[in-house]
Amino acid sequence: MKKILLLIVLIGVIIFGFYFFQTQKTGSQIPITPVPTIASKEVPMKDQIIQALSKKNSWDASRVEVNVITVEDNFAKGDVKFKDEMGGGLWFAAKVNGAWQIVYDGNGIITCDQLTNYQNFPKDLIPSCYDKQKDTLLTR
């Protein structure tokens, strides 16, 4: 009885081993179906800023380089320049209805009237503005 049981176990081991080594040589017996990836339709922030700056200033977007310095919730600041040129300027943007809009771009200080529609712009991003009527620099 022990010999028959041992023979059955031995046959089982041989069959398992044959199956195991056969699948290793031929690869997995389970077909792998590739899962399609869903491409994001959201335009990256940098590209949105480039498009907004180009539209506002009638610039050729292919020549514009943008760096994002700080983003706080729906507000951001950075710098901009043209490819292969020295210098540049700053930009401040606010995300409105899912799209980045330019609040200010250029060199110098932002005027307070440019912030009228963006009262919630973080003060640490724009700590002061120039009041044209009072001809003075105001701390926000």
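Every number in this text was worked out from the coordinates using simple rules, so none of it is lab data. Just so it is clear, the model here is predicted, and its values are computed rather than measured. Note that each Cβ is placed from the backbone with ideal geometry, even for glycine, and that neighbours are counted across all protein chains shown.
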Exercise for the section: Calculate the spin-label point distance for residue 82 paired with residue 131, positioning each point 7 Å from the Cα along the beta-carbon direction, and give it in nanometres. Expected result: 3.7 nm
Exercise for the section: Please report 66, 96 as a ranked list, fewest other C-beta atoms within 10 angstrom at the top and most at the bottom. Expected result: 96, 66
Practice task
For region 45-139, take the alpha-carbon Rg, divide it by the Kirkwood Rh, and send me Rg/Rh.
Solution key: 0.97
Fill in the blank from the handout: Rounded to the nearest 0.05, FRET efficiency between residue 63 and residue 107 (Cβ-Cβ, R0 30 Å) equals 0.95
Exercise for the section: At 7 Å along the Cα-to-beta-carbon direction for both residue 71 and residue 123, put a label point, then send me their distance in nm to one decimal. Expected result: 2.6 nm
Exercise for the section: Could you tally up the Lys pairs in region 45-139 with alpha carbons closer than 22 Å? Skip any pair fewer than 8 positions apart unless they're on separate chains. Expected result: 20
